[in-house]
């Protein structure tokens, strides 16, 4: 398992995370949702051990992240950030091969894994194209292939993938494909955690769902059980209605319409009109 235990993080006097407890199990898809500024990306970076000055513990397969070397850590967890800058003239295939950098497997094994994950992410046809010429959605799928290549090789221990808003550059069809693929790789003894903005996609694909607000977990549990009107409204401070979708056999949410303009927006309009 991949665990955060009483995880807290602050910047000067500002508390970003406060006593967060979270578990990612191999074979399951875990989603984290919450409003902007809730601390979601900070949580992911702390789990990934990119933030190291947190309080509490992050444990992977029974061992603290602080006990892993960078190379050994890269073999058990892979991270897909919101955006990735590539300053070199790499092809899409070369980007994916970077995921195999720390492994000792042969070139034949690496090449086979790269081809397989590129086919799974529908990027194999892009393999010879310059990464810089790809669209935003294509780049994100290539980066997902790189992440998959990093942990694709089956081992005796579970591996984990952390995704930070992985569908931000994708259209609706690509978003569905991304989450369906992330869900499917759980069958390889991989645990997946994703920061998700779309609540309906979160409940459709996630096994476990965590609500985060102001650095605190407000609700957590099996996705369909905690996806309630009360939990959503308390986390997002927004009036909603939750219904049941018989096609997908899961709940879905629709916000209530309001004709009231928030005071901050109204003030901004008045200030703009006076210029």
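The values are calculated or read from the model by the stated rules, or taken from the named source; none is laboratory data. Note that this is a predicted model, so its numbers are computed, not measured. FYI the Cβ positions are ideal-geometry reconstructions off the backbone, even for glycines, and counts take in every protein chain you see.
Regarding the range 32-42, can at least one residue be identified that is out of contact with any strand residue (DSSP E or B) (no Cβ under 7 Å at 6 or more places or on another chain) and either surrounded by fewer than 20 Cβ atoms within 10 Å (Cβ to Cβ) or more than 30 Å from residue 232 (Cα to Cα) (or both)? Step through it out loud before you land on a result.
Initially, the range 32-42 is screened for residues out of contact with any strand residue (DSSP E or B) (no Cβ under 7 Å at 6 or more places or on another chain), giving 36-37.
From what's left, either surrounded by fewer than 20 Cβ atoms within 10 Å (Cβ to Cβ) or more than 30 Å from residue 232 (Cα to Cα) (or both): 36-37.
Yes, some residue in the range 32-42 is out of contact with any strand residue (DSSP E or B) (no Cβ under 7 Å at 6 or more places or on another chain) and either surrounded by fewer than 20 Cβ atoms within 10 Å (Cβ to Cβ) or more than 30 Å from residue 232 (Cα to Cα) (or both).
Given the conditions (1) out of contact with any strand residue (DSSP E or B) (no Cβ under 7 Å at 6 or more places or on another chain); (2) at pLDDT 90 or above; (3) surrounded by fewer than 18 Cβ atoms within 10 Å (Cβ to Cβ), and given that residue 156 satisfies all but one, which numbered condition is not satisfied?
(2)
Step by step: first the residues of the range 47-64, then only those that are touching a helix residue (DSSP H, G or I) at 6+ places or on another chain (Cβ under 9 Å) and within 17 Å of residue 192 (Cα to Cα), then the one that is surrounded by the most Cβ atoms within 10 Å (Cβ to Cβ). Which residue is that?
Per the stated criteria, the residue is 47.
What number of residues in the range 93-107 are in a loop (DSSP other than H, G, I, E, B) and surrounded by 13 or more Cβ atoms within 10 Å (Cβ to Cβ)? Before you say what the answer is, go through the steps one by one.
Within the range 93-107, the subset in a loop (DSSP other than H, G, I, E, B) is 101-106.
Narrowing the set further to residues that are surrounded by 13 or more Cβ atoms within 10 Å (Cβ to Cβ) leaves 102-103.
So the answer is 2.
Wholly within the range 187-266, which strands (runs of 3 or more DSSP E) include no fewer than the required count, namely at least 3 residues that are within 23 Å of residue 8 (Cβ to Cβ)? Before you say what the answer is, go through the steps one by one.
Values: elements: 190-195, 208-213, 216-222, 240-245, 250-255.
Hits in the range 187-266: 190-195, 208-213, 216-222.
Given the conditions (1) under 24 Å from residue 44 (Cβ atoms); (2) touching a residue at least 40 places away in the same chain (Cβ under 8 Å); (3) surrounded by fewer than 16 Cβ atoms within 10 Å (Cβ to Cβ), which single one is not true for residue 164?
(3)
Somewhere in the range 191-205, is a residue without any contact (Cβ under 8 Å) to a residue 40 or more places away in the chain, closer than 23 Å to residue 27 by Cα, within 15 Å of the chain's Cα centre (by Cα) and crowded, with 18+ Cβ neighbours inside 10 Å? Let's see the steps before the verdict.
Step one: of the range 191-205, the residues without any contact (Cβ under 8 Å) to a residue 40 or more places away in the chain are 198, 201.
Now drop any that are not closer than 23 Å to residue 27 by Cα, which leaves 198, 201.
From the residues that got through so far, the ones that are within 15 Å of the chain's Cα centre (by Cα) too are 198, 201.
Narrowing further to those that are crowded, with 18+ Cβ neighbours inside 10 Å: 201.
The answer is yes, given that some residue of the range 191-205 is without any contact (Cβ under 8 Å) to a residue 40 or more places away in the chain, closer than 23 Å to residue 27 by Cα, within 15 Å of the chain's Cα centre (by Cα) and crowded, with 18+ Cβ neighbours inside 10 Å.
Determine which member of the set 171, 245 is under 27 Å from residue 43 (Cα atoms), surrounded by fewer than 13 Cβ atoms within 10 Å (Cβ to Cβ), touching a helix residue (DSSP H, G or I) at 6+ places or on another chain (Cβ under 9 Å) and at pLDDT below 95.
Values: 245 fails: under 27 Å from residue 43 (Cα atoms).
Checking each option against the conditions leaves just 171.
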